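The values are calculated or read from the model by the stated rules, or taken from the named source; none is laboratory data. The shown structure was predicted, so the numbers you read here are calculated from the model rather than taken from an experiment. Heads up, the Cβs are rebuilt from the backbone with ideal geometry, glycines too, and the neighbour counts pull from every protein chain shown.
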Amino acid sequence: MRRSSKGVVFRRIEGGRLKIAKEPLLILETFIQDENKKKEAGGVLLGRMIKNRKDIVIDSVSTPQKKDKRKRTFFKRNNEHQTIINEEWEKSDGTCNYLGEWHTHPEAIPSPSGVDLKNWKKQLRNAKYEGDTLFFIIVGIKEIVAYEGSNSNLKIQELVKYE
């Protein structure tokens, strides 16, 4: 995966951009499963929606917490991440929002498993969030991929990266 000094930007389905800022991108890259014994990692995406635009910026991510369940090809986050979401919301006076989920895969170019898709649809139905979409990021060994899911029809689509 190429390290970027500016982050990475994806084209959203209905227009606008999804940007992973530099700091959270560097954090995500530290969890790349580039060693055989490295366990899956994951967390939540936090950031902001740009007013009067369809642009979204991921400003921070939570990292694996002590009570998360982690195996080579499995990650389940614990409620500690909800505490992080609540704290960031309060600290930012309501401008830092829960935007979705991230996790790693031990694949060069990752793709979502059936379990991933099922869990993402559950999040779209049940989570409390601003707007009508959530984002899901999978960090692979060589690539990072992003998906956008709609709560109106539970459709999940891969986003195209700006090069």
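Which residue, of GLU23, GLU107, GLU14, GLU90, is part of a helix (DSSP H, G or I) and more than 14 Å from the chain's Cα centre (by Cα)?
GLU90
Mind checking which residues of segment 114-151 are of a type in the set (A, V, I, L, M) and exposed (fewer than 15 other Cβ atoms within 10 Å of the Cβ)?
The one that is of a type in the set (A, V, I, L, M) and exposed (fewer than 15 other Cβ atoms within 10 Å of the Cβ): VAL115.
Count, please, the residues in segment 114-163 that happen to be assigned to a loop (DSSP other than H, G, I, E, B) and of a type outside the set (Val, Ile, Thr).
Qualifying residue count, segment 114-163: 17.
I need every pair where a residue in segment 1-24 that is within 17 Å of LEU99 (Cα to Cα) and among the acidic types (Asp, Glu) has its Cβ under 8 Å from the Cβ of a residue that is modelled with pLDDT of 90 or more and in a strand (DSSP E or B), sequence separation at least 6 or different chains.
Listed pairs, sorted by first residue: GLU23/ASP59; GLU23/SER60.
Restrict the check to segment 35-42 and report whether at least one residue is loosely packed, with under 14 Cβ neighbours inside 10 Å and closer than 18 Å to ASN97 by Cβ.
no
Identify, by number, the condition in (1) of a type in the set (Ser, Thr, Tyr); (2) within 19 Å of ALA41 (Cβ to Cβ); (3) not in a strand (DSSP E or B) that SER60 doesn't meet.
Failed condition: (3).
Conditions (1) within 26 Å of ASN151 (Cα to Cα); (2) of a type in the set (Gly, Ala, Ser); (3) modelled with pLDDT under 95; (4) buried (at least 21 other Cβ atoms within 10 Å of the Cβ), marked per residue:
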residue	(1), (2), (3), (4)
ILE27	no, no, no, no
ILE32	no, no, no, no
SER62	yes, yes, no, yes
PHE74	yes, no, yes, no
HIS103	yes, no, no, yes
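Assuming LYS66 fulfils every condition listed in (1) of a type outside the set (A, V, I, L, M, F, W, C); (2) closer than 22 Å to TRP120 by Cβ; (3) surrounded by fewer than 18 Cβ atoms within 10 Å (Cβ to Cβ) apart from one, which condition is it?
If we test LYS66 against (1) of a type outside the set (A, V, I, L, M, F, W, C); (2) closer than 22 Å to TRP120 by Cβ; (3) surrounded by fewer than 18 Cβ atoms within 10 Å (Cβ to Cβ), just (2) comes out false.
Looking only at residues that are among the aliphatic types (A, V, I, L, M) and at pLDDT below 95 in segment 34-59, which one is nearest to PHE135 (Cα to Cα)?
In this case the residue turns out to be MET49.
Out of LYS51, LYS67, which single residue is in a loop (DSSP other than H, G, I, E, B), within 21 Å of ARG17 (Cα to Cα) and not small (Gly, Ala, Ser)?
So the residue among LYS51, LYS67 that is in a loop (DSSP other than H, G, I, E, B), within 21 Å of ARG17 (Cα to Cα) and not small (Gly, Ala, Ser) is LYS51.
For the list (1) more than 17 Å from the chain's Cα centre (by Cα); (2) touching a residue at least 12 places away in the same chain (Cβ under 8 Å); (3) closer than 20 Å to GLU148 by Cβ, I need the number of the one condition that ILE58 fails.
(1)
Per-residue answers, yes or no, for (1) over 21 Å from ILE27 (Cα atoms); (2) not aliphatic (A, V, I, L, M):
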residue	(1), (2)
PHE75	no, yes
GLU88	no, yes
THR104	no, yes
ALA108	no, no
THR133	yes, yes
